[in-house]
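A short write-up of the structure that comes next.
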Amino acid sequence: MVERLVPDELWVLFQRVVPEAPSRPQGGGRRRHGDREVLAAIVFVATSGCTWQQLPAASFGPSGATAHRRFSEWSKARVWAKLHRLVLDELGARGELDWSRCAIDSVNMRALKGDLTGPNPVDRGKFGSKIHLLTERTGLPLSVGISGANLHDSQALEPLVRGIPPIRSCRGRRRRKPGKLHADKGYDYTHLRRWLRGRGIKHRIARRGIESSQRLGRHRWTIERTMAWLAGCRRLHRRYERKADHFLAFTSIACTLICYRRLTK
């Protein structure tokens with residue numbers, strides 16, 4: 001189970017970003033569970049959608065409380081964002097990232113309570129959260145963010161574009177700017193077009209009252225497919241985490257797994 005959820009290639013990458021285990025100056029204490037077993041337990045919770053209490057300790061070793069405690073420590077140390085960037089670096093070094101076009105969109109889900117939640121205007125005012133995603137041409141997520149469900153999509157464009165990390169290329173220096181950006185009518189604002197032009201990014205934003213809402217376009221369909229890939233991480237079907245950092249951590253884990261599957265092909 002552990003080797004299936006955390007293959008050797010992913011474990012080698014994870015070892016480069018995980019912080020060292022704290023030492024006990026006084027000695028003694030119980031033996032600390034291995035990081036690989038705990039990582040496998042966290043991936044199982046993310047993909048299966050089970051609670052921490054339902055985690056089968058007999059299959060992994062650590063209990064649900066131990067896995068959750070380690071998950072909180074690693075989330076605070078931004079391990080998941082570092083791992084996502086490291087996988088992107090490996091893809092970029094192999095020439096697997098297509099920077100010619102990028103797409104941006106968001107998806108809503110119900111939220112029970114917690115930080116960065118709000119009334120969803122398209123779900124009868126039910127409280128929810130929103131995942132904002134920016135992908136390259138083939139659908140690999142480059143930048144991700146979360147917000148309350150009542151935040152307008154247009155307000156997330158600038159933070160997502162700024163949040164693209166400098167990623168390695170197969171030749172030349174690191175890159176963090178796409179050639180074009182595709183978006184739907186939710187981003188149809190003059191100041192956003194002006195801001196993208198100022199950064200040297202061409203925009204392909206659908207215009208309200210002109211373009212039809214029945215078609216996704218020739219290039220923007222890839223991000224809809226990526227949203228479906230995110231649904232494979234069942235922990236994201238509904239937000240149960242009170243802390244926004246934990247919800248963002250599960251989102252980063254899902255993006256990392258999507259990129260890692262491309263890396264192993």
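The values are calculated or read from the model by the stated rules, or taken from the named source; none is laboratory data. Values in this document were obtained by computation on a predicted structure and should not be read as measured data. Cβ sites come from the backbone with ideal geometry, for glycine too, and all protein chains shown count toward neighbours. All accessible areas refer to the heavy atoms of the entire protein, side chains included, with ligands and DNA or RNA removed. Shrake-Rupley method; radii C 1.70, N 1.55, O 1.52, S 1.80 Å.
Looking across segment 198-251, the residues that are part of a helix (DSSP H, G or I) and of a type in the set (D, E, K, R) come down to Glu224, Arg225, Arg234, Arg235, Asp245. For Thr47, the conditions (1) open to solvent by 30 Å² or more (accessible area, probe 1.4 Å); (2) among the β-branched types (Val, Ile, Thr); (3) free of Cβ contacts under 8 Å to residues at least 60 places away in the same chain are fulfilled apart from (3).
For segment 237-254, the candidate set comprises residues that are buried (at least 21 other Cβ atoms within 10 Å of the Cβ) and of a type in the set (A, V, I, L, M); within that set, the residue that is nearest to His132 (Cα to Cα) is Leu248. Condition check for Ile205 on (1) open to solvent by 70 Å² or more (accessible area, probe 1.4 Å); (2) at pLDDT 90 or above: one failure, at (1).
Residue-by-condition table, conditions (1) under 14 Å from Ala244 (Cα atoms); (2) more than 12 Å from the chain's Cα centre (by Cα); (3) charged (D, E, K, R):
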| residue | (1), (2), (3) |
| --- | --- |
| Arg70 | no, yes, yes |
| Lys113 | yes, yes, yes |
| Val122 | no, yes, no |
| Ser129 | yes, yes, no |
| Pro141 | no, no, no |
| Leu151 | no, yes, no |
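Sub-8 Å Cβ pairs linking a first residue in segment 159-183 that is hydroxyl-bearing (Ser, Thr, Tyr) to a second residue that is surrounded by fewer than 18 Cβ atoms within 10 Å (Cβ to Cβ), at least 6 apart or interchain, are Ser169/Ala93; Ser169/Gly95; Ser169/Arg175, ordered by first then second residue.
Among residues of segment 7-24 that are on the phi < 0 side of the Ramachandran plot, those with a beta-carbon under 8 Å from a residue that is of a type in the set (A, V, I, L, M, F, W, C) and open to solvent by 30 Å² or more (accessible area, probe 1.4 Å) at least six positions away or on a different chain give the pairs Pro19/Ala77. In the set Gly139, Gly92, Gly128, only one residue is crowded, with 19+ Cβ neighbours inside 10 Å and at positive phi; that residue is Gly139.
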